[in-house]
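Bear in mind that the values in this text are calculations on the coordinates, not laboratory data. Since this is a predicted model, take the numbers as computed values, not measurements. Here the Cβ positions follow ideal geometry from the backbone for every residue, glycine too, while neighbour counts run over all protein chains shown.
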Amino acid sequence: MEERFITLADVATTLNIAPAAVYALVRSGELPAIKIGARGQWRVEVTQLENYIARMYVETSQFVASHPR
């Protein structure tokens, strides 16, 4: 069974960015996440991460189209 939620560290590994960058994405609301447990650990739903990646592809494509060489 595939995991539904992953840690911010797992997101950082997937995106090949620093964990602090993932935390900034979550805190800004750009990447939806939940805080769970008594210690308030952040978790990102895998489908939300996939949606974020798809959105970034669209935004990047639009940027490239509007900024030709």
Scan segment 11-45 for residues that are out of contact with any helix residue (DSSP H, G or I) (no Cβ under 9 Å at 6 or more places or on another chain), in a helix (DSSP H, G or I) and either among the basic types (K, R) or surrounded by 15 or more Cβ atoms within 10 Å (Cβ to Cβ) (or both) and jot them down.
R27
What's the number of the only condition in (1) of a type outside the set (D, E); (2) surrounded by 11 or more Cβ atoms within 10 Å (Cβ to Cβ); (3) in contact (Cβ under 8 Å) with a residue 24 or more places away in the chain that R55 fails to meet?
(3)
Please go through segment 1-10 and give me each residue that is charged (D, E, K, R) and surrounded by 12 or more Cβ atoms within 10 Å (Cβ to Cβ), ordered by number.
D10
Mind counting the residues in segment 1-10 that are free of Cβ contacts under 8 Å to residues at least 24 places away in the same chain and assigned to a loop (DSSP other than H, G, I, E, B)?
1
